[in-house]
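Chemist: There's a structure below that I have some questions on.
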Amino acid sequence: MKLNYKIIFHFLGLLMLFNGGFMLLSSLISLIYKDGVTLQIFLAGILTLLIGAISMLFTKNHKKEINKREGYIVVTFGWIVMSLTGTLPYIFTQSIHEFSSAFFETMSGYTTTGASILNDIEAVPEGVLFWRSMTHWIGGMGIIVLAIAILPLLGIGGMELFAAEAPGPSGDKLHPRITDTAKRLWLIYFGYTAAETILLKVAGMSFFDAINHALCTLSTGGFSTKNASVAYWNDQPVIQYIIIVFMFLAGTNFVLSYFAFKGKVQKIIQDEEFKLYFKFIAVFTIIAAVIIYFRADLSTSSIEHPMVLGEGESAFRHALFQVLAIITTTGFVTADYTLWTPFLVVFFFGIMFLGGSAGSTSGGVKVVRHLILIKNGFLEFKRTLHPNAIVPVRYNKKAINRFIVFNILAFFILYMLFFITGSLVFSMFGIDFESSVGLSASTLGNVGPALGDFGPVNNYAALPDLAKWWASFLMLIGRLELFTVLILFTPFFWRNR
């Protein structure tokens, strides 16, 4: 079957229309705050809209059917096209001068990694900062999921796109029609964002800071409007606790949020992934808090404003915040955790490989994959003792198809191979061992802060240009969970069948 190139370019055009529309919204913010770059952002939006409209116009007579191959191409190239056009506000406003740096910042935004090359964030115009946060928010739930909500208007079915955009073992659907699922997910996503904005404003943030941090929290991104990130508010614990709550929600399967609003609490309590996700956070927070309390010096590791309230409260808050920020791959920081004893440096590096729940906006391996791998590992002992017995892996009391287990094993092996390869490539650019492994784990897992020269108090500006492109590639395959992108590199994918 030949590829339907017309529908691919039609859909890429649609994505550019979305991108351009959000740029125009950013130019409105720029106008409100009189930051001097309204026209530049407006022109970036108009140019993006124009390219998108032309692409849709020349492909309007397309066959209205999308298969798996086209779904993978649209998702992968959609992300790339969004990132390419997303650089325009940075370049037009001269906020970022080099294209490689602008592309890195944009890809970091859409993949919700939160790694930045900006040295002085607070000097960047408000309109550009809002656009930067908006790239997180768009990428968080997935621009593809947003787009399929309106596909019926185009007469196109979106199931293939949803499968490519949200791969993984969790197949929960809120509604039999995929477009209704997308709409419900976006409604929850928007509702949480609005709620966090209001709460942060009431807690003492300016409205601009509140909406930007809400956009970046729900997308588990990590871009901040302050150089010190959330550490800027270390003297206002309420603000940090609000962000903690919404990081937790953003790292939870959004299907469970839907069940909560429908009053189906039992489904949440019985969900094995949610229980393990909660246990991970609780146990890791206790370990980190105890070590911070007895061994770490928060006054020296704090980026801004040392401890407030009691030492115990401060140790608990910083531990909970950083554990959640890394597990959910949000990447906000309240302190330089690389100064919290060598054990905690290795500890936080280890939890970079966890990830949040499937069906959440977080990156990483995802808790459900770890759960199934652990279960399968233990069952191997039983299979060794009883070789003729059929012992399936069970998840939420249901037997899992063995092909899903094979898929997860393959994913984990590929993930670790790319982590090792990523570290080697970074080391080829003259980056030291600690920084290389930290960069690889952070970009592949869409975490944000890394280790060494690229730790929580540093940024990625020092990366060589080629290293920025490699980091962008790792961020892309990490966000789209490896297979969606890597399948395009296989020769059989492009054969006409």
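Chemist: I need the semi-axes of the equivalent ellipsoid of region 332-416: take the C-alpha gyration tensor, multiply each eigenvalue by 5, square-root it, list largest first in whole angstrom. Spell out each step's value before the answer.
Modeler: On the way: eigenvalues 208, 48, 22 Å².
After scaling each eigenvalue by five and taking roots: 32, 16, 11 Å.
Chemist: If I model a spin label at ILE32 and ILE286 as a point 7 Å from the Cα along the Cα→Cβ vector, what separation in nanometres do I get?
Modeler: In this crude spin-label approximation the distance works out to 4.4 nm.
Chemist: How many angstrom separate the Cα center of region 199-261 from the Cα center of region 467-497?
Modeler: 31 Å
Chemist: Any idea of TYR72's accessible area? Nearest 10 Å², probe 1.4 Å.
Modeler: 50 Å²
Chemist: Kirkwood Rh over Cα pairs of region 62-134 into Stokes-Einstein at 20 °C, 1.002 mPa s: D in µm²/s? Provide the component values of the computation, followed by the final result.
Modeler: Details: Rh = 13.4 Å.
Diffusion coefficient, whole number: 160 µm²/s.
Chemist: Moving on to the next point. Expressed as a rounded percentage, what relative contact order does region 1-80 have, with Cα pairs under 8 Å and six or more residues apart? All intermediate terms of the calculation are to be shown ahead of the outcome.
Modeler: Details: 85 pairs, mean separation 38.5, N = 80.
That works out to 48 percent.
Chemist: Calculated FRET efficiency, GLN266 and LYS398, Cβ-Cβ r, R0 22 Å, to nearest 0.05? Mind dumping the intermediate values first?
Modeler: Working: r = 16 Å, r/R0 = 0.73.
So the FRET efficiency works out to roughly 0.85.
Chemist: Past the 14 angstrom mark, what percentage of all C-alpha to C-alpha distances in region 354-397 do you count? Write down the numbers at each step before the final one.
Modeler: Values: 529 of 946 pairs.
The calculated P(r) of region 354-397 puts 56 percent of pairs beyond 14 Å.
Chemist: Now for a different question. Which FRET efficiency value, to the nearest 0.05, is calculated for GLU311 and ILE420 with the Förster distance at 45 angstrom and r the Cβ-Cβ distance? Show your work: numbers first, answer last.
Modeler: Details: r = 40 Å, r/R0 = 0.88.
Between GLU311 and ILE420 the formula returns 0.70.
Chemist: Beyond 14 Å, what share of the Cα-Cα pairs of region 432-497 remains, rounded to the nearest whole percent? Working shown, then result.
Modeler: Numbers: 1334 of 2145 pairs.
For region 432-497, the share of Cα pairs beyond 14 Å comes to 62 percent.
Chemist: Please give the calculated 222 nm ellipticity per residue for the chain, where each DSSP H segment of at least 4 residues contributes -39500 (n - 2.57) and the sum is spread over every residue; nearest 500 deg cm²/dmol?
Modeler: Values: 22 runs with 312 residues, N = 497.
Calculated from helices alone, the mean residue ellipticity at 222 nm is -20500 deg cm²/dmol.
Chemist: What number do you get for region 98-148 when its Cα radius of gyration is normalised by 2.2 N^0.38 Å, N = residues? Spell out each step's value before the answer.
Modeler: Working: Rg = 11.5 Å, N = 51, 2.2 N^0.38 = 9.8 Å.
Rg over 2.2 N^0.38 Å, computed on Cα atoms: 1.18.
Chemist: Per the 1.4 Å probe, what fraction of the accessible area of the chain, in percent, lies on carbon and sulfur atoms? Intermediate results must be reported in sequence, preceding the final value.
Modeler: Values: 13820 of 20250 Å².
Of all accessible area on the chain, carbon and sulfur atoms account for 68 percent.
Chemist: If you don't mind, another one. Would you kindly calculate the mean projected area, averaged across all directions, of the convex hull enclosing the Cα atoms of region 352-497, in square nanometres?
Modeler: On the way: hull surface 48.0 nm².
So the mean shadow area of the Cα hull is 12.0 nm².
Chemist: Please compute the length gained on full extension between PHE381 and TRP186, using 0.36 nm multiplied by the number of residues separating them and subtracting their Cα-Cα distance.
Modeler: Details: separation 195, 0.36 × 195 = 70.20 nm, distance 4.30 nm.
That works out to 65.9 nm of additional length.
Chemist: Separate question: Taking K and R as +1 and D and E as -1, what net charge do the other residues with C-beta under 15 Å from the C-beta of SER423 add up to?
Modeler: On the way: positive: none; negative: ASP432, GLU434, ASP453.
Counting the neighbours of SER423, the net charge comes to -3.
Chemist: For a distance above 20 Å, tell me the whole-number percent of Cα pairs in region 376-443 that qualify. It would help to have the intermediate numbers written out before the result.
Modeler: Values: 1153 of 2278 pairs.
The proportion of pairs with Cα distances above 20 Å equals 51 percent.
Chemist: Now for a different question. How large, in Å, is region 1-58 by the Kirkwood hydrodynamic radius built from its alpha-carbon pairs?
Modeler: On the way: mean 1/r = 0.0828 Å⁻¹.
Here the Kirkwood hydrodynamic radius works out to 12.1 Å.
Chemist: Kindly provide the pair-distance distribution of the chain built from C-alpha pairs, with 20 Å bins from 0 and whole-percent values in order of increasing distance.
Modeler: Percent of Cα pairs in each bin: 24, 59, 17, 1.
Chemist: What is the mean projected area of the alpha carbon convex hull for region 193-277, to one decimal in square nanometres?
Modeler: Values: hull surface 23.9 nm².
Quarter of the Cα hull surface area: 6.0 nm².
Chemist: May I ask which of LYS183/LYS275; LYS279/LYS398; LYS34/LYS201; LYS6/LYS64; LYS6/LYS68; LYS262/LYS397 have a Cα-Cα span longer than 18 Å here?
Modeler: Where the Cα-Cα span goes over 18 Å, the pairs concerned are LYS183/LYS275; LYS279/LYS398; LYS34/LYS201; LYS262/LYS397.
Chemist: Using a Förster distance of 41 Å, how high is the FRET efficiency between TYR5 and GLN236, based on the Cβ-Cβ distance and rounded to 0.05? If you can, show how the numbers build up before the last one.
Modeler: On the way: r = 53 Å, r/R0 = 1.30.
Once the sixth-power term is evaluated, E becomes 0.15.
Chemist: In whole angstrom, and with the biggest value first, how far do the Cα coordinates of region 1-153 range along each principal axis?
Modeler: 52, 27, 26
Chemist: Grab the Cα-Cα distance for VAL346 and LEU50, subtract it from 0.36 nm times how many residues apart they are, and report the gain in nm with one decimal. Present the calculation step by step, with values, prior to reporting the outcome.
Modeler: On the way: separation 296, 0.36 × 296 = 106.56 nm, distance 4.85 nm.
Taking VAL346 through LEU50 to full extension adds about 101.7 nm, to one decimal.
The values are calculated or read from the model by the stated rules, or taken from the named source; none is laboratory data. Bear in mind the structure is a predicted one, so any value in this text is a computation, not a measurement. Cβ coordinates were reconstructed from backbone atoms using ideal geometry, including for glycine residues, and neighbour counts include every protein chain displayed. Remember, those area values only see protein heavy atoms, side chains included, never the ligands or the DNA or RNA. Shrake-Rupley method; radii C 1.70, N 1.55, O 1.52, S 1.80 Å.
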